[in-house]
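Heads up: the structure comes next, in structure tokens.
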């Protein structure tokens with residue numbers, strides 16, 4: 001039997017900043033601990049999807065260091081509450097990002113490792129082709145479309 005990790009399908013929480021994200025936690029009945037506040041603060045400070053290990057390490061000194069097990073527990077709670085989603089970009093660990101601004105889908109270059117976040121509607125034509133050809137309704141928010149970016153493609157063609 002094959003096992004694939006699935007991203008929880010909790011409705012997206014709506015928030016714009018740290019304070020409104022903390023309020024979204026309270027509305028879900030979650031206590032706002034110092035650890036939860038620090039994990040959220042690190043997610044807001046991150047420059048894109050980020051690993052739990054990088055959050056625990058304090059984002060290379062820009063944020064407080066935390067216990068990695070605590071970070072994972074908080075990220076799981078945030079994901080169940082629609083505050084964050086995780087994505088698998090390449091062969092590394094799952095990466096987490098805030099969903100307050102909306103869902104994203106991804107392209108990933110297996111040559112250079114660059115990830116490109118897209119609005120879901122940008123992949124609607126691909127989604128429609130899969131639906132028509134195979135009957136599946138697909139999304140690319142948990143696992144990206146993988147291939148070569150134009151730079152890597154050009155270097156392999158040369």
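The values are calculated or read from the model by the stated rules, or taken from the named source; none is laboratory data. Everything quoted here is computed from the prediction, not taken from an experiment. In this analysis, Cβ positions are derived from the backbone assuming ideal geometry, glycine residues included, and neighbour counts consider all displayed protein chains.
What are the pairs, 6+ residues apart or on separate chains, where a residue within segment 53-67 that is assigned by TED's automatic domain parsing to the domain that holds residue 36 has its Cβ under 8 Å from a residue that is exposed (fewer than 12 other Cβ atoms within 10 Å of the Cβ) and assigned to a helix (DSSP H, G or I)?
54/60
Against the condition touching a helix residue (DSSP H, G or I) at 6+ places or on another chain (Cβ under 7 Å) and within 20 Å of residue 43 (Cα to Cα), how does residue 111 come out, does it pass?
For residue 111, the condition - touching a helix residue (DSSP H, G or I) at 6+ places or on another chain (Cβ under 7 Å) and within 20 Å of residue 43 (Cα to Cα) - is not met.
Filter segment 76-102 for residues that are in a strand (DSSP E or B) and within 16 Å of residue 22 (Cα to Cα) and give the result.
84, 97, 98
In segment 102-133, which residues are touching a residue at least 60 places away in the same chain (Cβ under 8 Å) and out of contact with any strand residue (DSSP E or B) (no Cβ under 8 Å at 6 or more places or on another chain)? Before you say what the answer is, go through the steps one by one.
First, the residues of segment 102-133 that are touching a residue at least 60 places away in the same chain (Cβ under 8 Å): 102-103, 115, 117.
Once the filter is applied, which keeps residues that are touching a residue at least 60 places away in the same chain (Cβ under 8 Å) and out of contact with any strand residue (DSSP E or B) (no Cβ under 8 Å at 6 or more places or on another chain), segment 102-133 yields only 102.
Among the residues of segment 103-136 satisfying the criterion of being assigned to a loop (DSSP other than H, G, I, E, B) and within 11 Å of the chain's Cα centre (by Cα), which is surrounded by the most Cβ atoms within 10 Å (Cβ to Cβ)? Reasoning before the result, please.
Step one: of segment 103-136, the residues assigned to a loop (DSSP other than H, G, I, E, B) are 103-104, 110-114, 119, 135-136.
Retained after the next criterion (residues that are within 11 Å of the chain's Cα centre (by Cα)): 103-104.
Working: 103: 13, 104: 21.
Applying the filter and picking the extreme gives 104.
Taking segment 52-71 as the search range and keeping residues that are at pLDDT below 90 and crowded, with 18+ Cβ neighbours inside 10 Å, which one is farthest from residue 116 (Cα to Cα)? Spell out how you get there, then give the answer.
Residues of segment 52-71 that are at pLDDT below 90, as a first pass: 58-65.
Checking the rest, the ones that are also crowded, with 18+ Cβ neighbours inside 10 Å come to 59, 63.
On the way: 59: 21, 63: 25 Å.
In this case the residue turns out to be 63.
Can you pull out the residues in segment 32-51 that are exposed (fewer than 14 other Cβ atoms within 10 Å of the Cβ), at negative phi and at pLDDT below 90?
Selection gives 47 alone.
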